[in-house]
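Here's the structure, in structure tokens; my notes come after.
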Amino acid sequence: VQAHINAVAAGTPVYAECVVGGMSSQKQKRLLRRHPAIVVGTPGRIFALLGFGEEEDRCDWLKASLKGLRHLVLDEADRLIEGGHFKDLTKTLELVYSSVERKQQLQTFVFSATLTLDPRLQRQGGSGELKDFLVLLFLLVINNCTIIVQ
């Protein structure tokens, strides 16, 4: 994603940095000090850089930059609720939405090629995490955010 953004934005001052687990958080914090226009990251690393993880992983610039956030893109939405990511996602979104100064200007885009409501789950009372995720999407719509579910 980062490479595609940087290719499209070549010749402009806009560029993206990528923050992912498995790479040095110190190096990634140095990259973020350059104040990229776009930050692409995995949920776990974004979660840590926003200050929910170890103290040394926190990136004050990233947290402070949330005030002016205009676009939030959540890709692979179905995977965000798998494997214990849902609580991290919820905390991260709560921080993002409480930090943004111009909430009416924030657009949230949620993408998933495979998110479905399995009728078998509905008959059995539903999946708690899927239900919570859909409630979260509904709350985003109520708060004048743009939601795109693919």
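Some values worked out for this structure:
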| item | result |
| --- | --- |
| Condition met for V73 (closer than 20 Å to Q107 by Cβ, assigned by TED's automatic domain parsing to the domain that holds Q107 and not in a helix (DSSP H, G or I)) | yes |
| Residues satisfying the stated conditions in the range 26-65, i.e. closer than 22 Å to T90 by Cβ, crowded, with 18+ Cβ neighbours inside 10 Å and touching a strand residue (DSSP E or B) at 6+ places or on another chain (Cβ under 8 Å) | V39, V40, G41, R45, I46, L49, L62 |
| Selection status of G84, modelled with pLDDT under 80, surrounded by fewer than 15 Cβ atoms within 10 Å (Cβ to Cβ) and under 18 Å from the mean Cα position of the chain (by Cα) | yes |
| Per-region count, the range 36-71, residues hydroxyl-bearing (S, T, Y) and more than 13 Å from C18 (Cβ to Cβ) | 1 |
| Condition check for L137: at pLDDT 70 or above, assigned to a helix (DSSP H, G or I) and closer than 17 Å to H71 by Cα | no |
| Among the residues listed as E76, E55, the single one being in contact (Cβ under 8 Å) with a residue 12 or more places away in the chain and more than 20 Å from K103 (Cα to Cα) | E76 |
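Conditions (1) within 21 Å of V110 (Cα to Cα); (2) outside any helix (DSSP H, G or I); (3) in contact with a Gly (Cβ under 8 Å, 6 or more places away or on another chain); (4) not assigned by TED's automatic domain parsing to the domain that holds K91, marked per residue:
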{"residue": "A7", "(1), (2), (3), (4)": "no, no, no, yes"}
{"residue": "P13", "(1), (2), (3), (4)": "no, yes, no, yes"}
{"residue": "K29", "(1), (2), (3), (4)": "no, no, no, yes"}
{"residue": "R34", "(1), (2), (3), (4)": "no, yes, no, yes"}
{"residue": "L50", "(1), (2), (3), (4)": "yes, no, no, yes"}
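The values are calculated or read from the model by the stated rules, or taken from the named source; none is laboratory data. Keep in mind the model is a prediction, meaning the values are calculated, not measured. All Cβ positions, glycine included, derive from the backbone under ideal geometry; neighbour counts span all protein chains shown.
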